[in-house]
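Q: After the structure tokens below, expect a handful of questions from me.
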Amino acid sequence: MPESQSVAIHQFPCLSDNFGVLLHDLVTKTTIAIDVPDAAPYLSELQAAGWTLTHILITHHHWDHVDGLQDLKAATGAVVYGPKLSKDKIKGLDHLVDDGDELEIGPWTIECIGTPGHTLDQISFFFPQLNVAHTGDTMFAMGCGRVFEGDLPMMWASLDKLAKRLPSDTEVYCGHEYTQSNARFALTVDPNNEALKTRAADVERLRSEGRPTLPTTMAQELATNPFLRAADPAIQTHLGMEGQSPAAVFAEIRTRKDKG
Ligand code: ZN
Ligand code: FE
């Protein structure tokens, strides 16, 4: 992370299992919030850090990602960026973003990567100078979002896009602390994966200590997230789907998780 010496990133719990994320540049004082489940924890975090919020990025329209937006915007005057497809659903957007857009905010370029499936509007944000990404409710640690508005092939395409687009050393933040249940499910489809077994044990320990399991890295996800590993021969064999398309294997894994 060559230019990251001047960035501080704070992640903190919001609501029951959401995260708030703040990125702060020590030189320009640019401070970005990603998603606002609730304004209060953001305001306390900003106050404790002595930061003034300048920008807000929204990943998708679900209430648990925007409920605090109006209050946080009113309290800080921050400029809000959010998905073009939700311009009529989210109140308070100042700038609309779409797949392929590049934002210049403070010292950072931010790449907007359309990752539909969970919702159609979902945007993941990638900060290439920092090697940091936020994948909203598209990719979680060892999991992925439930497919509500898109379809299974669309969600697979979005996860595959992230896998190909984000360098393996990218530090990844996401919308929810779902890691423990994701790990337990992952072991049912990829039971002989040593990296997964080790990580699942780490997650059980972290959660028993009340600690967060995020951020993750793309390298960790590629090694342990079954939803990214639909082309893996061991998973395909375990599911009795040798040689089938990754999209079909992904669909089977997602369907099993929905039933679980
Ligand atoms: Zn959501
Ligand atoms: Fe959510």
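Q: What shape does the stretch 15-126 have by the C-alpha gyration tensor, where a ≥ b ≥ c are the square roots of the eigenvalues, rounded means a/c under 1.5, and otherwise prolate means a/b greater than b/c and oblate the rest?
A: Working: a/c = 1.78, a/b = 1.23, b/c = 1.44.
Verdict is oblate for the stretch 15-126.
Q: Shape of the stretch 1-60 from its Cα gyration tensor (a ≥ b ≥ c, root eigenvalues): rounded if a/c is under 1.5, otherwise prolate when a/b > b/c, or oblate? Walk me through the numbers before you get to the answer.
A: On the way: a/c = 1.91, a/b = 1.60, b/c = 1.20.
Prolate shape, in that a/c is at least 1.5 and a/b is the bigger ratio.
Q: Here's something else I'd like to know. Classify the stretch 126-204 as rounded, prolate or oblate, taking a ≥ b ≥ c as the square roots of the eigenvalues of its Cα gyration tensor: rounded when a/c is under 1.5, otherwise prolate if a/b is larger than b/c and oblate if not.
A: Values: a/c = 1.76, a/b = 1.23, b/c = 1.43.
Verdict is oblate for the stretch 126-204.
Q: Provide the per residue accessible area, probe 1.4 Å, for the chain, rounded to a whole number of square angstrom. It would help to have the intermediate numbers written out before the result.
A: Working: 10790 Å² over 260 residues.
Spelled out: the 1.4 Å probe surface of the chain, per residue, equals 42 Å².
Q: HN-Hα J couplings of the stretch 62-71 from phi, Karplus 6.51/-1.76/1.60, θ = phi - 60°, integer Hz, Gly and Pro as x?
A: The phi angles translate into 4, 4, 6, 10, 10, 4, x, 4, 4, 5 Hz.
Q: What are the lysines whose alpha-carbon lies under 22 Å from the alpha-carbon of Lys197, with same-chain residues fewer than 8 places away excluded?
A: Lys257
Q: Something else now. Using the basic label-point model (7 angstrom from Cα toward the beta carbon), what is the Phe148 to Lys161 distance in nanometres?
A: Roughly 1.9 nm, to one decimal.
Q: Please give the Cα centre distance for the stretch 82-151 versus the stretch 217-260, rounded to the nearest Å.
A: 23 Å
Q: Need the list of lysines near Lys29 for cross-linking: C-alpha distance under 24 angstrom, and skip anything on the same chain fewer than eight residues off.
A: Lys73
Q: Please list the three semi-axes, largest first and in whole Å, of the ellipsoid equivalent to the chain, using sqrt of 5 times the eigenvalues of its alpha carbon gyration tensor. Display every interim value, and only then the final one.
A: On the way: eigenvalues 190, 75, 56 Å².
Those come to 31, 19, 17 Å.
Q: Nearest 5 is fine: what % of DSSP beta bridges in the chain come out antiparallel, could you say? Could the numbers behind the result be given before it?
A: On the way: 28 of 40 bridges.
Around 70 percent of the beta bridges assigned by DSSP in the chain are antiparallel ones.
Q: To the nearest 20 Debye, how big is the dipole of the chain about its Cα centre, given +1 on the beta carbon of each Lys and Arg and -1 on that of each Asp and Glu? Please report the intermediate quantities before stating the final value.
A: Values: 21 positive and 35 negative charges, 94 e Å.
Result for the chain is approximately 460 debye, rounded to the nearest 20.
Q: Which net charge results when you count Lys and Arg as +1 and Asp and Glu as -1 among the other residues whose beta-carbon is under 12 Å from that of Ala219?
A: Values: positive: Arg199; negative: Asp169, Glu171, Glu221.
For residues surrounding Ala219, the net value is -2.
Q: Work out the charge dipole of the chain with +1 on the Cβ of Lys and Arg and -1 on the Cβ of Asp and Glu about the Cα centre, then indicate which of Gln122, Ala186, Pro83 is farthest towards its positive end.
A: Checked the options; the winner is Ala186.
Q: Moving on to the next point. Calculate the dipole size of the stretch 146-241 relative to its Cα centre from +1 charges on Lys and Arg beta carbons and -1 charges on Asp and Glu beta carbons; express the result in debye to the nearest 20.
A: On the way: 11 positive and 13 negative charges, 13 e Å.
Taking the Cα centre of the stretch 146-241 as origin, the dipole is about 60 debye.
Q: A follow-up question, please. If each of Glu242 and Arg256 carries a label point 7 Å out from its Cα toward its Cβ, how far apart are those two points in nm?
A: Rounded to a tenth, the inter-label distance reads 1.7 nm.
Q: Over the Cα atoms of the stretch 179-259, what radius of gyration and what Dmax do you get, in Å?
A: When restricted to Cα atoms, the stretch 179-259 yields Rg and Dmax of 12.8, 41 Å.
Q: Using a 1.4 Å probe on the protein chains only, how many percent of the accessible area of the stretch 104-260 belongs to carbon and sulfur?
A: Values: 3140 of 5960 Å².
C and S fraction of accessible area: 53 percent.
Q: In the stretch 103-200, which trypsin sites (Lys or Arg not before Pro) are in a loop and have at most 13 other Cβ atoms within 10 Å, using DSSP for the loop call? Display every interim value, and only then the final one.
A: Values: sites: Arg146, Lys161, Lys164, Arg165, Arg184, Lys197, Arg199; in loops: Arg146.
Passing sites in the stretch 103-200 are Arg146.
The values are calculated or read from the model by the stated rules, or taken from the named source; none is laboratory data. These figures come from a predicted structure and were not determined experimentally. Glycine also receives a Cβ, built like all others from the backbone with ideal geometry; neighbour counts cover every protein chain displayed. Accessible surface areas use protein heavy atoms only, side chains included; no ligands, DNA or RNA. Shrake-Rupley method; radii C 1.70, N 1.55, O 1.52, S 1.80 Å.
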